[in-house]
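Colleague: Below you'll find the structure I mean.
Each value in this text was obtained by applying a stated rule to the coordinates, not by laboratory testing. Nothing here was measured: the structure is a model prediction, and the numbers come from that model. Cβ coordinates were reconstructed from backbone atoms using ideal geometry, including for glycine residues, and neighbour counts include every protein chain displayed.
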Amino acid sequence: MKNDILLKAAAGAKVDRPAVWLMRQAGRVLPGYRKLRESVKDFTQLVKTPELACEATLEPVHTLGVDAAIIFSDILVVPEAMGLPYRMIENKGPWFENTIDSAKDIDNLKDGTGADWDYVLKAIRLVKKELNDQVPLIGFAGSPFTIFAYITEGTGSKTFSVAKRMLFSEPAMAHRLLQKITRTTIEYLKNQVREGADIIQIFDSWGGVLGYDTYNEFSLQYIAAICDELNKLVPVIVFPKGAFFAGAELNKLNCRAVSLDWTVNPEEARRVLKGKTLQGNLDPCMLYAGKKAITDAVNRMCDRFGKQSYIANLGHGLYPDTPADNVKYFVDAVKEYSR
Ligand code: CP3
């Protein structure tokens with residue numbers, strides 16, 4: 001690997017500067033992606049056409065100079081593989097025609113297999129060939145609870161009260177569904193690693209809507225099961241958005257790195273997550289500010305985390321209206337950080 005600083009940082013090996021990439025760097029703000037997106041009927045066509053997914057994956061490596069590529073895809077590949085197709089509605093987000101609300105619905109879900117996500121595996125093969133070991137490739141999946149939330153609600157939600165209703169009123173049923181999602185997710189991630197993903201990130205985007213005990217029971221337990229299977233193959237990064245309240249339990253996960261949202265205090269995170277590499281955690285809205293403000297914020301963030309065992313990133317994905325130049329300032333500021 002020509003640039004393996006991300007893998008070194010994940011392993012806790014000594015580096016000269018922090019590693020850097022951005023959640024949602026593929027797609028969203030770059031001009032090449034915008035053009036690709038206009039050339040197809042919808043988002044899923046991009047995801048399901050390996051040549052186009054490959055192009056979207058590589059663009060940020062070439063134009064931003066980040067230390068890793070992340071495969072252009074979506075966390076919703078998993079529920080689709082289990083028999084629940086989705087549509088991505090313009091300016092609104094995901095939408096499932098069929099949702100899960102009974103034991104029978106759960107029985108009807110199948111275990112996803114390689115054939116169901118063949119288009120992702122093909123895209124990974126193309127990307128690995130094109131990357132030619134310039135930088136590592138990040139594979140990913142949603143956490144079981146985050147997928148559970150989408151397929152019970154059928155779409156995004158402010159409260160996730162439909163999803164939480166099942167947790168509280170039918171806990172055994174909820175666990176059965178979470179187990180089924182976990183099984184397919186492990187198979188999916190193992191397939192990504194087999195095709196060349198060098199490191200894996202698990203996005204727990206919605207676990208933070210749960211309380212402390214509920215989080216441990218319905219989200220963390222299943223993330224732990226994935227980590228136990230995957231972290232022996234490649235390093236695993238867990239992104240528990242809004243759930244740093246479970247810090248002591250997160251520290252026990254069999255993962256190499258924890259990605260933090262912007263609400264987390266770096267010094268506190270270092271105290272609680274001993275031995276983990278930390279990733280994050282600039283507020284994505286900071287990228288609306290000017291060049292000097294971004295550079296100052298990056299320097300302060302790197303000072304506080306320290307450059308060892310650290311991967312500079314945002315505290316959540318890039319917002320679509322972020323100026324592309326500012327994204328580049330962010331990456332450059334990290335690469336120039338030398339304290
Ligand atoms: O990080 C990357 O650049 C890789 C690609 C990637 C996408 N989605 C592409 C995408 C990744 C890692 C994801 C993960 C994802 N998808 C998450 C977890 C991360 C997070 O943001 O919390 C979630 C919750 C989803 C589900 C999803 N996909 C939503 C809610 C939406 C609509 C709103 C939005 O975020 O844009 C999507 C669509 C989506 N996924 C787009 C992209 C580039 C935008 C679609 C478009 O271009 O029309």
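Colleague: In the chain, what percentage of the DSSP-assigned beta bridges are antiparallel, given to the nearest 5?
Modeller: Counting DSSP beta bridges with both partners in the chain, the antiparallel share is about 15 percent.
Colleague: Right, next: Got a sec? How would His316, His175, His62 order by Cβ neighbour count within 10 Å, fewest to most?
Modeller: Final ranking by Cβ density, sparse to dense: His62, His175, His316.
Colleague: Something else now. For the chain, how big is the tail of P(r) above 24 Å, as a whole percent of Cα pairs?
Modeller: Value for the chain (Cα pairs over 24 Å): 53 percent.
Colleague: Here's a follow-up. How do Leu58, Leu178 line up, fewest other C-beta atoms within 10 Å first?
Modeller: Fewest-to-most ranking of Leu58, Leu178: Leu58, Leu178.
Colleague: Report, ordered by chain and residue number, the lysines lying within cross-link reach of Lys335, taken as a straight Cα distance under 29 Å and ignoring same-chain residues fewer than 8 apart.
Modeller: The reachable lysines, counting only those whose Cα sits under 29 Å from Lys335, are Lys2, Lys8, Lys14, Lys35, Lys128, Lys129, Lys241, Lys274, Lys276, Lys291, Lys292, Lys307.
Colleague: Shifting gears a bit: By count of other Cβ within 10 Å, fewest leading, how are Tyr86, Tyr150 ordered?
Modeller: Sorted ascending by nearby Cβ count, the order is Tyr86, Tyr150.
Colleague: Considering amide H positions built from the backbone, and no H for Pro or chain starts, which residues 5 or more places from Gly242, or on another chain, come under 5 Å of its amide H?
Modeller: Sorted by chain and number, the residues that satisfy this are Asp261.
Colleague: Given H placed on each backbone N at 1.01 Å, which residues far from Gln279 in sequence or on other chains put an amide H within less than 5 Å of it?
Modeller: Val258, Ser259, Leu260, Ile311
Colleague: In whole Hz, what ³J(HN,Hα) sequence does the stretch 170-184 give by Karplus (6.51, -1.76, 1.60; θ = phi - 60°), x for Gly and Pro?
Modeller: 9, x, 5, 5, 4, 5, 4, 5, 4, 5, 5, 4, 4, 4, 5
Colleague: On a straight-distance basis, which lysines could pair with Lys41 in a cross-link, Cα separation under 19 angstrom, same-chain partners fewer than 8 positions away excluded?
Modeller: Cα-Cα hits under 19 Å: Lys92.
Colleague: Counting only residues 5 or more places away or on other chains, whose amide H sits under 5 Å from the amide H of Ile70 once H atoms are built in the peptide plane?
Modeller: Sorted by chain and number, the residues that satisfy this are Ile138.
Colleague: Could you work out the relative contact order of the chain, using alpha carbon pairs under 8 angstrom and six or more residues apart, expressed as a whole percent?
Modeller: In percent, rounded to a whole number, it is 23.
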